[in-house]
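Shown next, in structure tokens, is the structure this report addresses.
The values are calculated or read from the model by the stated rules, or taken from the named source; none is laboratory data. Bear in mind the structure is a predicted one, so any value in this text is a computation, not a measurement. Here the Cβ positions follow ideal geometry from the backbone for every residue, glycine too, while neighbour counts run over all protein chains shown. Accessible surface areas use protein heavy atoms only, side chains included; no ligands, DNA or RNA. Shrake-Rupley method; radii C 1.70, N 1.55, O 1.52, S 1.80 Å.
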Amino acid sequence: MAAKPQSPASNFQSVLQESRRFKPSAAFAKAAHIGSEASYKRLYRESIQTPEKFWGRMAKQELVWFRPFKKVLEWKEPFAKWFVGGKLNLSVNCLDRHLGTPTANKAALIWEGEPAADGKPGEERVFTYRQLHREVCRFANVLKRNGLKPGDRAILYLPMVPEAAIAMLACARVGVIHSVVFGGFSAQSVADRIQDCGAKVVITADGGFRRGGIVPLKKNVDDALAIQDATGALLSRTIEKVIVLRRTGHEVAFNSPRDVWWHEELGSVSSDCPPEKMDSESPLFILYTSGSTGKPKGILHTTAGYLLGAKLTTRYVFDLKDTDVYWCTADVGWVTGHSYVVYGPLANGATSLMYEGAPNWPEPDRFWRIIAKYAVSILYTAPTAIRAFMKWGDQWPAQHDLSSLRLLGSVGEPINPEAWMWYHKVIGKKRCPIVDTWWQTETGSILISPLPGVTSTKPGSATLPFFGILPEVVDDQGRAVPRNTGGKLVIRKPWPSMLRGLWGDAERFKQVYWSELKGSYFTGDGCRQDTDGYFWIVGRIDDVLNVAGHRIGTAEVESALVSHPSVAESAVVGRPDDLKGQALVAFVTLKTGVVAQPRLREELRQHVAKEIGPVAKPDDIRFAESLPKTRSGKIMRRLLKQVAAGAEIKGDTTTLEDLSVLSKLGSAED
Ligand code: WT7
């Protein structure tokens, strides 16, 4: 059941033999937005052969404009401008446009809070489109009142509460660029992001609930705002205001006039807030994600193209209908939460469900209970969650009525066929198509996925490209490889929701994504295309691990470890893990005189949690006298991966500087 160990894409011969195929039922296909292979092919062909015609038509048809665009695409590789000259506002496209229609009084957001520690059921809140519009306008006025102007940056560090969506939409309404920081990240991560984007405001909460405990968000912000660089300067010196939502109600430090309460601010604003007329290419948000080197990258998305991608994929990939209750379980701190909890569903006038808590709190039936309670019809979750549900046992879903479900989705990492089959049988009762959606923070929206009324699925394959997307599997020289051969996944053409750059770092943008292969976007993923043309993504080929669906750069964890006073050197690699897909194993050498005690192991894990966040804590820390290195001093990660996986050391070790190192690494536990 474990995910396959990572291997360099260019030397794997694909091993996975998966011949099962699942065809959409005739009834599903008949009712679907796109219900035949012929219509998919016709639209796909048009989108590739005449992309500007295709995207121009979609943008006119799907988005509400203050001023129409003059040109569909301006492409000076690697810089794209889509829908040039157009003016629009994203919040108008998600909210105002529905107000004159029957959708106005439909539930836009259904929110379920986490049950309390004493077993009391969680709260429920429902916002109709009209109510959500009102709340967004009011909070947009709060932003203005606190000095925010179009183009300013705001850090959002919030729990999974409706106010997270409200704050995002309010930023969009007044042209403020938001950067959501996942609530599980540390004060240090918050400070780094504030510094990188020069944010003027932090929007946070006193705390968030998680498994009956409190995540001290406000305290983390206070800590972040006190962090200094090596010269003693504050990292967060651009911050003027901290807007604090009262969520947990516990006492927090309050530093007036810098800190203001969300609810008090609302008292002095009106619910009338005319939307800013934004350019198609106005930055909408920055979202930080791990790369193979250096600090996290600020992925930049802009307005019109991003929204169009999110809107169209939400409708067609999930076959979204007006009657659906749609639930994407991602946190708004990740791109999935942006595109498929907030922007995609609301642009379509859908009902989007948001849940605050963990899938196994207070019991492992949380998801199934919520599905039954709200008659959820579309569920979009991650393989790591599916594998956890499998482990917890079929008795949990069996206790609840899941008959409202009609479509299932998966995202975040390759889904192993066993998990796919379990999802299909135990949750979907063999009735529901599964869409395994491949995309990235950088791509903004889904690029490779089945269309549920059209595509015959194969467990483990994300299948075929969405409209306008031309993926290809290539070798190290950039030549297309034959079918059934592993290689690197690239995208040949620009698409509207693609990232526009890295915040403040055009060079790194070019180097990371556009230098591998001229004329193509490099995804960093290894892939193979089978004889039917289906894409099988095997995972990252760079030094980025996918731990429980979170992209974690090994370089970041290494630098966090080395920042601890006891550590001399470290190398972090992945090993296959049944639940998380990959687990983090850190090899650590200590400074002279420091003794490798078990206690230090926990201290180092906590140190990484403090530097980056609990998601990046190594699962396993092994102390070593030295690390295996080549004569030129490069750490031999290939060997460390084998050691970490408990495998026999294979392959060439002739370049290894000191062979005796290897034998010592195996005996890691004290
Ligand atoms: C990386 C992107 C996509 C939003 C959530 C993660 C892996 C994602 C799949 C899938 C195989 C997948 C890739 C990708 N990935 N979805 N369906 N099948 N792999 O966004 O943190 O930017 O991570 O997640 O390796 O490059 P992200």
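List of remarks:
- Partnerless cysteines in the chain, where a partner means another cysteine C-beta under 4.7 angstrom, comprise Cys94, Cys171, Cys197, Cys328, Cys432, Cys527.
- When the pairs Lys41/Lys430; Lys493/Lys518; Lys200/Lys311 are compared against a 19 Å limit on Cα-Cα distance, Lys41/Lys430; Lys200/Lys311 fall above it.
- Once the Cα gyration tensor of region 259-381 is diagonalised, semi-axes √(5λ) in Å: 26, 21, 20
- Percent of Cα-Cα distances greater than 19 Å, calculated over region 237-294: 61
- Rounded percent of accessible protein surface that carbon and sulfur make up, the chain, 1.4 Å probe: 52
- Averaging the Cα positions of each part gives two centres, and for region 225-300 and region 517-583 these lie 29 Å apart.
- Relative contact order of the chain, taken over Cα pairs closer than 8 Å and 6 or more residues apart, is 15 percent.
- Distance between region 68-145 and region 384-460 - C-alpha centres, whole angstrom: 26
- Percentage of interatomic Cα-Cα distances in region 328-410 larger than 18 Å: 42
- Per residue, the chain exposes 38 Å² of solvent-accessible protein surface, assessed with a 1.4 angstrom probe and all protein chains in place.
- Per-residue [θ]222 nm for the chain (sum of -39500 (n - 2.57) over DSSP H runs n ≥ 4, rounded to 500): -8000 deg cm²/dmol
- Partner lysines for Lys277 [C-alpha distance under 19 Å; skip if fewer than 8 residues away on the same chain]: Lys60, Lys70, Lys71, Lys81, Lys87, Lys144, Lys149
- Candidate lysines - alpha carbon under 23 Å from Lys610, same-chain residues fewer than 8 apart omitted: Lys218, Lys219, Lys295, Lys297, Lys580, Lys591
- Tensor-based shape of region 550-665 (alpha-carbon gyration tensor, a/c under 1.5 rounded, otherwise prolate or oblate): oblate
- Percent of Cα-Cα distances greater than 27 Å, calculated over region 135-298: 20
- Bridge orientation summary for region 135-298: considering DSSP beta bridges with both residues in this region, about 25 percent are antiparallel.
- Counting only DSSP beta bridges with both residues in region 550-665, the antiparallel share comes to about 75 percent.
- When both bridge partners sit in the chain, DSSP labels roughly 60% of those beta bridges antiparallel.
- Protection proxy ranking, peptides 362-373, 50-61, 476-487, average beta carbon neighbours within 10 Å, highest first: 362-373, 50-61, 476-487
- In summary, the aspartates and glutamates within cross-link reach of Lys425, defined as a Cα separation below 15 angstrom excluding same-chain residues under 8 places away, comprise Asp394, Asp401.
- At 0.890 mPa s and 25 °C, Stokes D of the chain from Kirkwood alpha-carbon radius, µm² per second: 95
- Contact order normalised by residue count of region 550-665, Cα under 8 Å, 6+ apart, percent: 24
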